[in-house]
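First the structure, in the form of structure tokens, and then the observations on it.
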Amino acid sequence: MTWDVFNIMGIAAFAISGAIVAMEEKYDILGALVLGFVTAFGGGIIRNLLIGLPVHMLWKQEALITTALIAILLAYVSPDRWINNYKKWIDFFDAIGLSAFSIQGALYAVQAHHPLIAVIAATVLTGIGGGIIRDVLAGRKPLVFRGEIYAIWAMVIGLLIGLKVVHQGWELYALFVAIVVLRTMSFYFGWHLPLRVLAEDKSQTTNIPAKG
Amino acid sequence: MTWDVFNIMGIAAFAISGAIVAMEEKYDILGALVLGFVTAFGGGIIRNLLIGLPVHMLWKQEALITTALIAILLAYVSPDRWINNYKKWIDFFDAIGLSAFSIQGALYAVQAHHPLIAVIAATVLTGIGGGIIRDVLAGRKPLVFRGEIYAIWAMVIGLLIGLKVVHQGWELYALFVAIVVLRTMSFYFGWHLPLRVLAEDKSQTTNIPAKG
Amino acid sequence: MTWDVFNIMGIAAFAISGAIVAMEEKYDILGALVLGFVTAFGGGIIRNLLIGLPVHMLWKQEALITTALIAILLAYVSPDRWINNYKKWIDFFDAIGLSAFSIQGALYAVQAHHPLIAVIAATVLTGIGGGIIRDVLAGRKPLVFRGEIYAIWAMVIGLLIGLKVVHQGWELYALFVAIVVLRTMSFYFGWHLPLRVLAEDKSQTTNIPAKG
């Protein structure tokens, strides 16, 4: 029940982020619907595909689909200043979604008796897969590869659940809260993963204005 | 039998549109083959994946695969002015393909006993999925999110078949003709879906020349 | 056993090429891991999907996954001049990967009793699918559609194995060596596929500086 609430908050955040990207790209309402849905459900679809669960399990989640639909349509008709307001909340809701979906993805992969590397991949892809497809459909480079620390928290979840360090009910809740806090701190303090830049690119950086 | 003819016209139109995009991007003959095939069959592949049909059903459609192959190779060797000629016909053939494939997608989803939202999604993706992959592989923003009304007709098909308003033989033919006419009217009269533009983007529009 | 060695060399080459593209795009270590993995395993995933093999077979290949992981991390911490050094070797290792993976893809498709066109498509996609996803995730137009002859060698493998011209052990080795040599010659001598350019694009080429 509690997880259902987290899932709904997460799906709403993911769907709205898709709709906002669609509006930024001047896509029509169809574009907002497609980008909203792939952001919300794309990660779960890729995960199911990779760990051997039926992809059409998706359609059983009627509450989540309805949530996504309402969230996208509301975002599409909201005044500009509301959208700027959403953006503040989205980061927090998104942290809840990342944490809830990643824990769910890790549990599915463990139940399917996959090796640790598959558990970690399934966990990370559940968390970041939707955003990657959203950015590709918007003609952008995926933000998750260049933004603040995000996927590393999904990796931590995959590692702890994959190694069975965490597997009971209250442990999962504690992990959930810890990851929401850590993810929120990452964007609040602007934490980044180590970044390797090739020599040619360094020179480019000084000559060419940053793009896209 | 009649549907086979519609399918062949639609597949040819989708395949040629992929080949033309490949030529516009200066891709080689391999690029034309890949883009032609994904445009023609990509929508059906995504639909099968999402509603739980085996993706390799694709290979049973030998007549359609042969049609696509011939259409792509013909397009690739046609003189420039023939290609400009094709472009006029493609919109009409494409309307036939959209209508025929969407009806087929809706019927598959209904047979698989999926909820209405899944029927609509399957219908729309059968119609627009191939063009989206084509545009992504060409490094473009998907045209369907910004062009004239297109996917809405697939939605109408999904809704009418999903709600079983239309399910008999002659009703399907009438729906097919109606959607071909409506789609043709959309591009003839330049009908667009409502478009929401964010404030920041409005200012950009005045400063930066339209691209892509 | 021998094929295992070829597969490991090929996976390492594909994974390193993904990591290098990620560094060129200024992606963080997560981006390098994702791009490295999709380059190495994306082709096999698409092939399995299209010919009806379970996608999660992927996780059984533990030696290859470990190889990819080590190769990506090594590439990410190597000094610039080592990376330039890798680039020379990568083309050769990549030819080994293309040849080994394509032969494997063709054999899988033949075992699944698919028609010739499916065997050829499975073979080509095993060879080029990973690189296409890599380029899309890097925001680039897929190199394989514009570079030197590459996929045609996979097509040759698909044709010869699909028509059962080649099916015994030593014949497969001979085909493997021939394709490695031919692929190496293609990039050494700069062989290209025939390229059709539309009239409008020719005029653009003279006015607009080359991009992307």
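The values are calculated or read from the model by the stated rules, or taken from the named source; none is laboratory data. Since the model is a prediction, treat every value here as computed from it, not as a measurement. When we count neighbours, we look across all protein chains shown, and the Cβ atoms used for this are built from the backbone with ideal geometry, even at glycine. In case anyone asks, the SASA skips ligands and DNA or RNA and just uses the protein heavy atoms, side chains included. Shrake-Rupley method; radii C 1.70, N 1.55, O 1.52, S 1.80 Å.
Observations, loosely collected:
- Within segment B:91-104, residues that are over 13 Å from residue B:40 (Cβ atoms) have Cβ atoms under 6 Å from residues that are open to solvent by less than 10 Å² (accessible area, probe 1.4 Å) and aliphatic (A, V, I, L, M) in these pairs: B:99/B:179; B:102/B:154; B:102/B:157; B:103/B:157, counting only partners at least 6 apart in sequence or on another chain.
- Residue count for segment B:98-120, restricted to those that are in contact with a helix residue (DSSP H, G or I) (Cβ under 7 Å, 6 or more places away or on another chain) and either within 11 Å of chain A (Cβ to nearest Cβ) or among the basic types (Lys, Arg) (or both): 9
Conditions (1) more than 17 Å from the chain's Cα centre (by Cα); (2) modelled with pLDDT under 90; (3) part of a helix (DSSP H, G or I), marked per residue:
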residue	(1), (2), (3)
A:174	yes, no, yes
A:179	no, no, yes
A:183	no, yes, yes
A:187	no, yes, yes
A:200	yes, yes, yes
A:203	yes, yes, yes
A:206	yes, yes, yes
A:212	yes, yes, no
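- Test: residue in segment C:161-172 that is in contact with a Phe, Trp or Tyr (Cβ under 9 Å, 6 or more places away or on another chain), in contact (Cβ under 8 Å) with a residue 40 or more places away in the chain and open to solvent by 10 Å² or more (accessible area, probe 1.4 Å): yes
Residue-wise test of (1) within 16 Å of the chain's Cα centre (by Cα); (2) open to solvent by 60 Å² or more (accessible area, probe 1.4 Å).
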| position | (1), (2) |
| --- | --- |
| B:40 | yes, no |
| B:43 | yes, no |
| B:46 | yes, no |
| B:50 | no, no |
| B:53 | no, no |
| B:62 | no, yes |
| B:73 | no, yes |
| B:79 | no, no |
| B:84 | no, yes |
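- On the stretch given as segment C:111-133, residues that are within 13 Å of residue C:39 (Cα to Cα) and open to solvent by less than 30 Å² (accessible area, probe 1.4 Å) total 7.
- Yes/no for residue A:167 being modelled with pLDDT under 90, within 19 Å of residue A:126 (Cα to Cα) and not in a helix (DSSP H, G or I): yes
- Restricting attention to segment C:126-139, the residues that are within 17 Å of residue C:28 (Cα to Cα) and not aliphatic (A, V, I, L, M) add up to 3.
- Of all residues in segment A:1-38, those being open to solvent by 40 Å² or more (accessible area, probe 1.4 Å), closer than 26 Å to residue B:126 by Cβ and not hydrophobic (A, V, I, L, M, F, W, C) number 1.
- Residue tally, condition out of contact with any Lys or Arg (no Cβ under 8 Å at 6 or more places or on another chain) and either open to solvent by less than 10 Å² (accessible area, probe 1.4 Å) or modelled with pLDDT of 85 or more (or both), over segment A:86-106: 8
- Qualifying residue in segment B:134-145 (condition: closer than 30 Å to residue C:129 by Cα and away from every other protein chain (no Cβ under 11 Å)): yes
- Selected residue (criterion: nearest to the other protein chains (Cβ to nearest Cβ)) from residues of segment A:22-61 that are under 15 Å from residue C:54 (Cα atoms) and not in a helix (DSSP H, G or I): A:52
- Evaluation of residue C:14 against the conditions (1) of a type in the set (Phe, Trp, Tyr); (2) within 13 Å of chain A (Cβ to nearest Cβ); (3) touching a residue at least 24 places away in the same chain (Cβ under 8 Å) shows that the sole unmet condition is (2).
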